[in-house]
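One structure below.
The values are calculated or read from the model by the stated rules, or taken from the named source; none is laboratory data. In this text, all values refer to a predicted model and were calculated from it rather than measured experimentally. Here the Cβ is made from the backbone with ideal geometry for all residues, glycine too, and neighbour counts use every protein chain on show. Keep in mind that these areas ignore ligands, DNA and RNA; they rest on the heavy atoms of the full protein, side chains included. Shrake-Rupley method; radii C 1.70, N 1.55, O 1.52, S 1.80 Å.
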Amino acid sequence: MTQAMTPLADDFAAPDDATVRARWMALVEKTLKGQSFDEALTVTTPDGVTIQPLYTAADGVAVARDLRVRDADRPWDLRVRVAHPDPVRASADSLVDLQNGAASLLLALDPTGQDGVAVGSAEDLARALNGVLIDLAPVALDAGYLGPKAADWLGTLAKAAPNAPLAFHMDPLGSFARTGTSPGPIESHVFNAATVGARLTSTYAKASLFLANGRAAHEAGGSNVEELALMAASALAYAKALVRSGLTIDEAFGRIVLGVSLDGEYFTGVAKVRAARALWARLTQACGVSVPATIEARSSGRMLTTKDAWTNLLRMTSAGFAGAVGGADAVVLGSFTDAIGLPTAFARRQARNTQLVLMEESHLGRVADPAGGSWYLDSLTDQIARAAWVAFQAIEAAGGVIRALEAGHVATAVAAGRASQDAAFADKSRKILGVTVFPNADDKAAEVEAADAAAFAVEGPDPRLPGPDSHCPALTPVRFAAAFEGA
């Protein structure tokens, strides 16, 4: 039997955007009682983007859409960071993570053990990856200036698996921006990494070579625009280096992964991931290439607190949500205790399970570009992407990313972004849960692992290349909560 349809809207006139907004504004002005609409209800982000309280179809813009049909069971790569200084413990942590939901590993390497697993040779790396099936569990590296050496070590370990989707993640420009110095000319480091990468492509058809990101700008307090501009400029520099090393321009762009940092502001995080994809589309189009973007999103360190560290779980969840909804290909969530020390098994489990809940219970990956069609998010994406493109053009006009870093162009822009955000936290227009608002008087300190990095330190190869060192103003990492946690 066919059911009769009951029309519910017949008694209502078709909405007219101008009329609707005018009526809404009249009610708003009456409620504000003389207050300025702009001061009371609009928000200006550190990027200079104005966010309105109401968006209509008149605010709709066309933005690059991510309409891939993703795997319903594994819509993105759940990647975990491994950084315990002991290679044996790092291997054990990796296996636990992989057996309990993780799909791939991000291995941080540092021969001193201070900022990663104490690895200084292929043998050390083999111990850190003991038991890991590299052809089934992709491995990504984070090795700083040792990136080319580490890529060769990983290539040696994976020689029996030429189809392994390795992520060598070489990123000398990111190390240069963060530390402010390079052991030898930074141009030589970029070209050396490209040479090693070009050689590895002949064996590993599915491997990515470079990670182009603006994480140094983000962690130093910069805005989303400065981060994305540095990301795009780094991607272009790496593509040029790979072409000089013998790859075609299509192959060069196809071997680069974009890195995006995510904090606890999920709407801007969603827009930033989508803006990164739009920037990539514009950049590759300008270079005459049609290559889809591959994006790895990582949670931010600058958003973390040491006071009431449990609230970091909320920030991590927001970051993971933004990465998933924004369409990141891989998402790396740190542990909620990262600002305090090495994570316990419990903290690592929370980092994994946060993503598993978003993936398997909230089903965030079952819709292609779920933010698409939202007038607010499309507008925010478009504004961030356009501003980042202008900032990217300024970097190129300054002579490219290396010259812009050396001349302090990037550092100056980041300092301005940080000052704007510091001011917002200081006047409490932006708040830090558990620190500047709702502090927990009964805060119970979270447990962390104790490890003597010096006990695991090894001698690693010297990353120095011939020629004078390069220098630039360092983009030193910050934590916004640090200024208030001593109070």
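Look at Asp329 and say whether it is of a type in the set (Asp, Glu) and within 16 Å of Asp263 (Cβ to Cβ). Step through it out loud before you land on a result.
Values: of a type in the set (Asp, Glu): yes; within 16 Å of Asp263 (Cβ to Cβ): no.
For Asp329, the condition - of a type in the set (Asp, Glu) and within 16 Å of Asp263 (Cβ to Cβ) - is not met.
Leu356 - would you say it is on the phi < 0 side of the Ramachandran plot, among the hydrophobic types (A, V, I, L, M, F, W, C) and surrounded by 19 or more Cβ atoms within 10 Å (Cβ to Cβ)?
Values: on the phi < 0 side of the Ramachandran plot: yes; among the hydrophobic types (A, V, I, L, M, F, W, C): yes; surrounded by 19 or more Cβ atoms within 10 Å (Cβ to Cβ): no.
For Leu356, the condition - on the phi < 0 side of the Ramachandran plot, among the hydrophobic types (A, V, I, L, M, F, W, C) and surrounded by 19 or more Cβ atoms within 10 Å (Cβ to Cβ) - is not met.
Please work out which residue is nearest to Met303 (Cα to Cα), limiting yourself to segment 409-443 and to residues that are part of a loop (DSSP other than H, G, I, E, B) and touching a residue at least 60 places away in the same chain (Cβ under 8 Å).
Just the residues of segment 409-443 that are part of a loop (DSSP other than H, G, I, E, B), to begin with: 427-432, 434-436, 438-443.
Next cut, touching a residue at least 60 places away in the same chain (Cβ under 8 Å) only: 432, 434-435, 439-440, 443.
Values: Ile432: 9, Gly434: 12, Val435: 12, Pro439: 16, Asn440: 18, Asp443: 18 Å.
Taking the candidates together, the pick is Ile432.
Residues checked against (1) farther than 24 Å from Val132 by Cβ; (2) of a type outside the set (Gly, Ala, Ser):
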position: Ala158; (1), (2): no, no
position: Asn163; (1), (2): no, yes
position: His169; (1), (2): no, yes
position: Thr181; (1), (2): yes, yes
position: Ile186; (1), (2): yes, yes
position: Thr195; (1), (2): yes, yes
position: Phe210; (1), (2): no, yes
position: Asn213; (1), (2): yes, yes
position: Glu226; (1), (2): yes, yes
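Please tell me if Asn224 is more than 17 Å from Leu405 (Cβ to Cβ) and buried (at least 24 other Cβ atoms within 10 Å of the Cβ). Show your work before the answer.
On the way: more than 17 Å from Leu405 (Cβ to Cβ): yes; buried (at least 24 other Cβ atoms within 10 Å of the Cβ): yes.
Taking the combined requirement at face value, the residue satisfies it.
What are the residue pairs meeting all of these: first residue in segment 453-464, first residue farther than 16 Å from Ala128 by Cα and in contact (Cβ under 8 Å) with a residue 60 or more places away in the chain, second residue part of a loop (DSSP other than H, G, I, E, B) and open to solvent by less than 70 Å² (accessible area, probe 1.4 Å), Cβ atoms under 6 Å, and 6 or more apart or on different chains?
So the pair list comes out as Pro463/Pro183; Arg464/Pro183; Arg464/Gly184.
Is there a residue being small (Gly, Ala, Ser), open to solvent by 10 Å² or more (accessible area, probe 1.4 Å) and more than 14 Å from Tyr204 (Cβ to Cβ) anywhere in segment 184-192? If you could, list the steps in order and put the result at the bottom.
The first filter runs over segment 184-192 and keeps only residues small (Gly, Ala, Ser), leaving 184, 188.
After this cut, where a residue has to be open to solvent by 10 Å² or more (accessible area, probe 1.4 Å) as well, the list is 188.
Retained after the next criterion (residues that are more than 14 Å from Tyr204 (Cβ to Cβ)): 188.
Yes, there is a match, as at least one residue in segment 184-192 is small (Gly, Ala, Ser), open to solvent by 10 Å² or more (accessible area, probe 1.4 Å) and more than 14 Å from Tyr204 (Cβ to Cβ).
Could you identify the single residue in Leu32, Leu41 that is among the hydrophobic types (A, V, I, L, M, F, W, C) and either modelled with pLDDT under 80 or open to solvent by 60 Å² or more (accessible area, probe 1.4 Å) (or both)? Steps first, answer last, please.
Values: Leu32 fails: either modelled with pLDDT under 80 or open to solvent by 60 Å² or more (accessible area, probe 1.4 Å) (or both).
Just one listed residue meets the conditions, Leu41.
Going by the structure shown, is Ala276 surrounded by 24 or more Cβ atoms within 10 Å (Cβ to Cβ) and in a helix (DSSP H, G or I)? Can you show your working first?
Values: surrounded by 24 or more Cβ atoms within 10 Å (Cβ to Cβ): yes; in a helix (DSSP H, G or I): yes.
Yes; evaluated as a whole, the condition is true for this residue.
For the list (1) outside any loop (DSSP other than H, G, I, E, B); (2) aliphatic (A, V, I, L, M); (3) under 22 Å from Thr268 (Cβ atoms), I need the number of the one condition that Ala22 fails.
With (1) outside any loop (DSSP other than H, G, I, E, B); (2) aliphatic (A, V, I, L, M); (3) under 22 Å from Thr268 (Cβ atoms) applied to Ala22, the lone miss is (3).
Can you find a residue in segment 466-480 that is exposed (fewer than 15 other Cβ atoms within 10 Å of the Cβ) and of a type in the set (Lys, Arg)?
No: segment 466-480 contains no residue that is exposed (fewer than 15 other Cβ atoms within 10 Å of the Cβ) and of a type in the set (Lys, Arg).
Those residues that are farther than 11 Å from Gly320 by Cβ and either in contact with a strand residue (DSSP E or B) (Cβ under 6 Å, 6 or more places away or on another chain) or outside any loop (DSSP other than H, G, I, E, B) (or both), I need them from segment 351-366; list them, please.
Initially, segment 351-366 is screened for residues farther than 11 Å from Gly320 by Cβ, giving 360-361, 363, 365-366.
Scanning segment 351-366 gives Glu360, Glu361, Gly365, Arg366.
So if I check each of Ala330, Ala322, Ala345, which one is open to solvent by less than 20 Å² (accessible area, probe 1.4 Å), farther than 21 Å from Phe480 by Cβ and of a type outside the set (Lys, Arg)? Steps first, please.
Numbers: Ala322 fails: farther than 21 Å from Phe480 by Cβ; Ala345 fails: open to solvent by less than 20 Å² (accessible area, probe 1.4 Å).
None of the others qualify; the one that does is Ala330.
Give the number of residues within segment 355-408 that are of a type outside the set (Phe, Trp, Tyr) and closer than 30 Å to Pro185 by Cβ.
19
Hey, which of the helices (runs of 4 or more DSSP H) in segment 130-245, taking only ones fully inside, have at least 2 residues that are farther than 25 Å from Leu475 by Cβ and without any contact (Cβ under 8 Å) to a residue 40 or more places away in the chain? I'd like the intermediate steps shown before the answer.
On the way: elements: 147-157, 172-179, 186-201, 215-219, 224-244.
In segment 130-245, the matching helices (runs of 4 or more DSSP H) lie at 147-157.
Quickly run through segment 365-381 and pick out the residues that are open to solvent by 30 Å² or more (accessible area, probe 1.4 Å) and modelled with pLDDT of 90 or more. Break it down stepwise before answering.
Taking segment 365-381 and keeping what is open to solvent by 30 Å² or more (accessible area, probe 1.4 Å), we get 366-368, 370, 373-376.
Result: Ser374, Trp375, Tyr376.
For segment 292-307, give me each residue that is open to solvent by less than 30 Å² (accessible area, probe 1.4 Å) and assigned to a loop (DSSP other than H, G, I, E, B).
Answer for segment 292-307, where residues must be open to solvent by less than 30 Å² (accessible area, probe 1.4 Å) and assigned to a loop (DSSP other than H, G, I, E, B): Ala293, Ser300, Gly301, Arg302, Met303, Leu304, Thr305.
Would segment 456-465 turn up any residue that is in a helix (DSSP H, G or I) and at pLDDT 95 or above?
As a first pass, look at segment 456-465 and keep what is in a helix (DSSP H, G or I): 456.
Restricting the remaining residues to those that are at pLDDT 95 or above gives 456.
Yes, that holds for at least one residue.
Could you tell me which of the residues Gly254, Gly288 is free of Cβ contacts under 8 Å to residues at least 60 places away in the same chain, at positive phi and either open to solvent by 10 Å² or more (accessible area, probe 1.4 Å) or over 11 Å from the mean Cα position of the chain (by Cα) (or both)? So that I can check it myself, show each step before the final result.
On the way: Gly254 fails: at positive phi.
Criteria check complete, one pass: Gly288.
What residue, of Ala118, Ala160, Ala126, is of a type in the set (A, V, I, L, M, F, W, C), more than 23 Å from the chain's Cα centre (by Cα) and open to solvent by 50 Å² or more (accessible area, probe 1.4 Å)? Steps first, answer last, please.
Details: Ala118 fails: open to solvent by 50 Å² or more (accessible area, probe 1.4 Å); Ala126 fails: open to solvent by 50 Å² or more (accessible area, probe 1.4 Å).
From the options Ala118, Ala160, Ala126, the qualifying one is Ala160.
Identify the residue in segment 395-424 that is modelled with pLDDT under 95 and either acidic (Asp, Glu) or in contact with a helix residue (DSSP H, G or I) (Cβ under 7 Å, 6 or more places away or on another chain) (or both) and, among all such residues, is surrounded by the fewest Cβ atoms within 10 Å (Cβ to Cβ).
Asp422
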